[in-house]
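Engineer: Sharing a structure here in structure tokens format.
The values are calculated or read from the model by the stated rules, or taken from the named source; none is laboratory data. All values derive from a computational prediction rather than experimental measurement. Ideal geometry is used to build each Cβ from the backbone, glycine not excepted, and the neighbour counts take in all protein chains shown.
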Amino acid sequence: MKKIPFPFQLLTISCFVFLISTGIGMLFFPGGTILNHHTKGYSFFNNFFSELGRWRTFNGDTKWISFFGFEIALIFQSLAMFIFNLQFLKTTESKKINKPVFFIALISGSIFPFFLSGIALTPCDLYLPYHMDFVYAAFGTLIPLSFAYTILIRQHHLLPNKYGNVMMIIVLFISLYMLLILYGPNPHSVGYIQQTAQKFIVYSMIFCLLYLSKGCRKYLSVSK
């Protein structure tokens, strides 16, 4: 009989917690965007995810449900990713397969959760420069981590290559998004391109992680 390691189950749970917590946060968000501080409710195409984690909205309202929903989503995801990465590398014996790529995954997978938690713990209305540093660092670190997973999955043959291909999608999407952040329209001038792209990237990441966790639960379970 096969036993599913807890870290693989935890990653699945954390992805659903992220979707539910941020969804609840959107429902209870009072309103306000960068271009219009007096809108009502959360605008999917005009508000950033990070605005759920603001200490106060643009119009000065408090919004504790949205704030804590954002905090729970990111911090729990960070914890799950850290634990999952260690278990994945151990279960696949990746160090024996490709030592340099193993260390890339180990290091980037250990610091990515720190940067992701940093996004949550630096509300953008209070610590915007630090918040943005954590955003750049988190997305930037996820690129080598996902690329390392792509290589390891293709080399150890415990998971079908399609799971490595999915991780490569994260590499491509985040690379494009980083270019959009740096060279795309200023959100203070155009109020939907950056915000919509961010939703696409974040949801793509979450569903790719869900898919990877499904593969790990199916193919990397251990005998009792």
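Engineer: Exactly one of these conditions fails for TYR136: (1) over 21 Å from ILE174 (Cα atoms); (2) surrounded by fewer than 20 Cβ atoms within 10 Å (Cβ to Cβ); (3) touching a residue at least 40 places away in the same chain (Cβ under 8 Å). Give me its number.
Structural biologist: (1)
Engineer: Now, a different point. Hey, does segment 210-224 have a residue that's of a type outside the set (Ser, Thr, Tyr), more than 19 Å from PHE84 (Cα to Cα) and assigned to a helix (DSSP H, G or I)?
Structural biologist: Checking segment 210-224: not a single residue is of a type outside the set (Ser, Thr, Tyr), more than 19 Å from PHE84 (Cα to Cα) and assigned to a helix (DSSP H, G or I).
Engineer: Would you pick out the residues in segment 1-60 that are more than 22 Å from MET81 (Cβ to Cβ) and touching a strand residue (DSSP E or B) at 6+ places or on another chain (Cβ under 9 Å)? Write out each step before concluding.
Structural biologist: Residues of segment 1-60 more than 22 Å from MET81 (Cβ to Cβ): 1-2, 26-47, 51, 54-60.
Of everything in segment 1-60, those that are more than 22 Å from MET81 (Cβ to Cβ) and touching a strand residue (DSSP E or B) at 6+ places or on another chain (Cβ under 9 Å) turn out to be MET1, LYS2.
Engineer: Still on this structure, please answer the following. Spot the failing condition for ILE174; the list is (1) touching a residue at least 60 places away in the same chain (Cβ under 8 Å); (2) within 17 Å of the chain's Cα centre (by Cα), and only one is missed.
Structural biologist: (1)
Engineer: Does PHE44 count as within 28 Å of ASN186 (Cα to Cα) and not in a helix (DSSP H, G or I)? Lay out the reasoning, then the answer.
Structural biologist: Working: within 28 Å of ASN186 (Cα to Cα): yes; not in a helix (DSSP H, G or I): yes.
Yes.
Engineer: Go through (1) surrounded by fewer than 21 Cβ atoms within 10 Å (Cβ to Cβ); (2) assigned to a loop (DSSP other than H, G, I, E, B) one by one and return the number of the condition VAL17 breaks.
Structural biologist: Of everything listed in (1) surrounded by fewer than 21 Cβ atoms within 10 Å (Cβ to Cβ); (2) assigned to a loop (DSSP other than H, G, I, E, B), VAL17 misses just condition (2).
Residues checked against (1) closer than 15 Å to PHE18 by Cα; (2) surrounded by 14 or more Cβ atoms within 10 Å (Cβ to Cβ); (3) touching a Gly at 6+ places or on another chain (Cβ under 8 Å); (4) not aliphatic (A, V, I, L, M):
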| residue | (1), (2), (3), (4) |
| --- | --- |
| GLN195 | no, yes, no, yes |
| PHE207 | yes, yes, no, yes |
| LEU210 | yes, yes, no, no |
| SER221 | no, yes, no, yes |
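Engineer: What is the residue count in segment 27-70 for residues that are surrounded by 13 or more Cβ atoms within 10 Å (Cβ to Cβ), under 20 Å from GLN194 (Cβ atoms) and at pLDDT below 95?
Structural biologist: 23
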